[in-house]
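Engineer: Shown below is the structure under consideration.
The numbers here are math on the coordinates, done by the rules we state, and not lab data. These numbers were taken from a predicted model, which means no experiment stands behind them. In this analysis, Cβ positions are derived from the backbone assuming ideal geometry, glycine residues included, and neighbour counts consider all displayed protein chains.
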Amino acid sequence: MGQNLAEKIIAAHLLSGDMTPGSEIGLKIDQTLTQDATGTMAYLEFEAMGVPRVKTERSVAYIDHNTLQNGFENADDHRFIRTVCKKHGVYYSRPGNGICHQVHLERFGVPGKTLIGSDSHTPTGGGIGMLAMGAGGMDVAVAMGGGAYYITMPRVLKVALTGRLRPGVSAKDVILEVLRRLSVKGGVGRVIEYGGEGVATLSVPERATITNMGAELGATTSIFPSDEVTRRFLKAQGREEDYTPLSADPDAAYEQTIEVDLSSLQPLAAMPHSPDAVQPVAALAGLPVDQVCIGSCTNSSLQDMMKVAALLKGKTVAPTVSLTISPGSRQVFTMLALNGALADMIAAGARVLECACGPCIGMGQSPNSAGVSLRTFNRNFEGRSGTADARVFLVSPETAAASALSGVLTDPTTLPQGEPYQLPERFLVNDNMIDPPAPVEEMDAVEVLRGPNIKEFPVSHALESSIEKPAVLKVGDNITTDHIMPAGAKILPYRSNIPYLSQFCFGVCDKSFPERCKSTGGGFVVGGENYGQGSSREHAALVPLYLGVRAVIVKSFARIHCANLVNAGILPLVFCDPADYDRIDEGDELLLEKIDEALKTGGEIVLQNKTKGANIALTCPVSQRQREMLLAGGLLNYTRENA
């Protein structure tokens, strides 16, 4: 039996474990990336390990999230990241150089390599044939120090693509169709591998859009083959030597195969407030639109921007619509300026923003009250835009541009179609905004500069034998890391200040949560299905740790958040019987006895609800290594003990 593409790359990087789906494996990591919203904490953690210089083939720090500087905090974090990178061997992409995933695809991605990043959309690299995965900052710090990255060996689902996209239909519609079929939980425990004759019709930027938003499936990652299309892209970036052909064996086996006929797809939209609430644009056409935002790591490539510019050329944005456009990288921005497309956007009335995450992470451009916002982004969680009652739809660049002109949600296939855009034979390459690290012989002379907003991360302690605390919060299904630890312009500047950040924890669900934790000394959080979906931000574990949360008890976890809880030393527990969720109410006094022994032996875990007089069976869905981490009080303690 042959191997599929994911299995080939995993086998080439396997350090421990066996490739049996469901078992834990340790992987050698070739590359890492961080961004500034998670990077400060990741580098503080790296420093705490005492490793003088990164041991990966390439590690890159990007400044793309916290670029709104209305105080000293973000600038101080950027200065810290710049100096710590210079000292410890990390490349530094300056503010304005672009969004981490777009720039990494352009300048650093290599087919067949492993990449983890402290951002959940790191699977963008799968568009170029990488095994690229989102991770918590602590896991990235360990990988930079030369440690393995541990995951559960995934099952592999194949998406067989046939046909060719029609004019007006885009790669965004492909991933929305996959989300419509599989849901935001459909990728859990899986790699989504794309194959079939339709793959050759998709450019690398189109493939990257699909793998980027595969994060919303809950997948470990998504990946495309590395083929002639990949070679041409790398050659156009001046990096043909990085090309390696990679594909699945003809007799490769998959857990499941689904077929998507590209020719039959139509423009789609994800409705509020979930990426899998997908409907045809034609069925929603005519809905008045207040705002359109084009960009993000999902749809900010040169190809996306040129499609938008072609639709806007010679026209004017509807007077009721605010249109913003964020090019994904300085390379894209400069090429738009040189070829005249930028002028077409500006003349049409677009508000051109810097090359950064911007509105996608809630960094400005909040819609009006109860406004309808069309966004080419990857997430439309409630409140993420910065306006609590906004209705955010996720659409393709073509749908976004067509709707900005008409003022209502518009199917772009109903408009005249021009010639399809072809990627250039040569991209404009200028890496002068990527600073290399200091040579080894000079690193000791580099001073790492810290600002007053940078506080140490919370300290966890070895697991106690018994935990008796109240249920300080009960929430429902599909709680995202945006619910747990919101983003946005008012909060992101404090990502390196856990004590200050704590006052916003679970603010979307219950603004009284932080004060309740302080009054009780912490406790248990109870949740439903797919708890912790969305961003990889480890702050969604570190802040609850600071507030005294000792365990999270749910029906099921999202992969990265479960790992982040373990890294922080918080127990992730799952109901053996999901119906037992209804046997706990907020405020109930709960008791875990001899939990340390249960973790050591793998024995039964029983939660006593002392308020209701009920015993509830739980499991801890982690590996033996993670059990040892929990006993030690988290990854940093475990690493120190086993150094």
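Engineer: Between residue 442 and residue 641, what's the calculated FRET efficiency when r is the beta-carbon distance and R0 is 41 Å? Round to 0.05.
Structural biologist: Calculated value: 0.80.
Engineer: Moving on. Compute the acute angle (0 to 90°) between the alpha-carbon long axis of helix 302-312 and the principal axis of greatest extent of the alpha-carbon atoms of the chain; round to the nearest 10°.
Structural biologist: 50 degrees
Engineer: Oh, and also: Calculate the spin-label point distance for residue 20 paired with residue 586, positioning each point 7 Å from the Cα along the beta-carbon direction, and give it in nanometres.
Structural biologist: About 4.3 nm, to one decimal.
Engineer: Can you list the residues of the stretch 179-213 with backbone N under 18 Å from a point 7 Å past the Cα of residue 259, pointing along Cα to Cβ?
Structural biologist: 181-182, 193-201
Engineer: Relative to the present Cα-Cα distance, how much length would full extension add between residue 593 and residue 623 at 0.36 nm per residue of separation?
Structural biologist: Details: separation 30, 0.36 × 30 = 10.80 nm, distance 2.09 nm.
Length gained, residue 593 through residue 623: 8.7 nm.
Engineer: Within the stretch 510-545, whose backbone N sits under 13 Å from a point 7 Å along Cα→Cβ of residue 388?
Structural biologist: Under 13 Å, as judged by backbone N against the label point of residue 388, lie 510-512 of the stretch 510-545.
Engineer: Please give the length that would be gained between residue 166 and residue 415 if that part of the chain were fully extended, namely 0.36 nm times their separation in residues minus their C-alpha to C-alpha distance (nm, one decimal).
Structural biologist: Here the answer is 88.4 nm.
Engineer: Cut-off is 10 Å between beta-carbons; in what order do 531, 421, 494 appear when sorted fewest neighbours first?
Structural biologist: 421, 494, 531
Engineer: Out of the DSSP beta bridges found with both residues in the stretch 5-264, what percent are antiparallel (nearest 5)?
Structural biologist: Within the stretch 5-264, antiparallel bridges account for around 20 percent of the total.
Engineer: Does anyone have the angle between helix 171-182 and the longest principal axis of the chain? Alpha-carbon axes, 0 to 90°, nearest 10?
Structural biologist: 40 degrees
Engineer: Tell me the volume per residue, in Å³, of the convex hull enclosing the alpha carbons of the stretch 80-144. Kindly include the intermediate steps, with their values, before the conclusion.
Structural biologist: Values: hull volume 5.8 nm³, N = 65.
Per-residue hull volume (Cα only) is 89 Å³.
Engineer: In whole Å, what are the Cα extents of the stretch 87-228 along the three principal axes, biggest one first?
Structural biologist: So the three principal-axis extents are 50, 33, 24 Å.
Engineer: A follow-up question, please. Does the stretch 225-294 classify as rounded, prolate or oblate by the C-alpha gyration tensor (a ≥ b ≥ c root eigenvalues; a/c under 1.5 gives rounded; else a/b over b/c gives prolate, otherwise oblate)?
Structural biologist: On the way: a/c = 3.15, a/b = 1.66, b/c = 1.90.
Oblate.
Engineer: How far is helix 330-339 tilted, in degrees, relative to the longest principal axis of the Cα atoms in the chain, given as a value from 0 to 90 rounded to the nearest 10?
Structural biologist: On a 0 to 90 degree scale, this one is about 10.
Engineer: Highest first, please rank the peptides 48-54, 564-570, 127-133 by the mean number of other Cβ atoms sitting within 10 Å of their residues. Kindly include the intermediate steps, with their values, before the conclusion.
Structural biologist: On the way: 48-54: 16.0, 564-570: 26.9, 127-133: 29.6.
Top to bottom by mean Cβ count within 10 Å: 127-133, 564-570, 48-54.
Engineer: Percent of Cα-Cα pairs per 5 Å bin, from 0 to the last occupied bin, for the stretch 268-414, please list those.
Structural biologist: With 5 Å bins starting at 0, P(r) equals 2, 11, 22, 25, 21, 12, 5, 1.
Engineer: In what sequence do 482, 249, 18 fall when counting other Cβ within 10 Å, fewest first?
Structural biologist: Ordered by Cβ neighbours within 10 Å, fewest first: 18, 249, 482.
Engineer: May I pose another question? Normalising by the residue count of the stretch 5-264, find the relative contact order in percent from Cα pairs under 8 Å and 6+ residues apart.
Structural biologist: Computed over the stretch 5-264, the figure is 23 percent.
Engineer: Related question: Expected output is a single nm value to one decimal: the length gained when fully extending between residue 11 and residue 510, i.e. 0.36 nm times separation in residues minus the C-alpha distance. What is it?
Structural biologist: Extending this stretch completely gives an extra 175.1 nm.
Engineer: Here's another thing I want to ask about it. Among 562, 505, which comes first, then next, by fewest other beta-carbon atoms within 10 Å?
Structural biologist: 562, 505
Engineer: Next question. What value in Å³ per residue do you get for the convex hull of the alpha-carbon atoms in the stretch 467-641?
Structural biologist: Normalising the Cα hull of the stretch 467-641 by residue number yields 104 Å³.
Engineer: FRET efficiency for residue 459 and residue 518, Cβ-Cβ distance as r, R0 = 25 Å, nearest 0.05?
Structural biologist: Given R0 = 25 Å and the Cβ-Cβ separation, E is 0.90.
Engineer: Under 11 Å from the 7 Å Cα→Cβ point of residue 468, by amide nitrogen: which residues of the stretch 562-602?
Structural biologist: Only 590-593 pass the distance filter.
Engineer: Would you mind telling me the antiparallel percentage of the DSSP bridges in the stretch 146-266, rounded to 5?
Structural biologist: Just about 10 percent of them are antiparallel.
Engineer: May I ask what percent, to the nearest 5, of DSSP beta bridges between residues of the chain are antiparallel?
Structural biologist: Among the beta bridges of the chain, antiparallel pairing accounts for roughly 35 percent.
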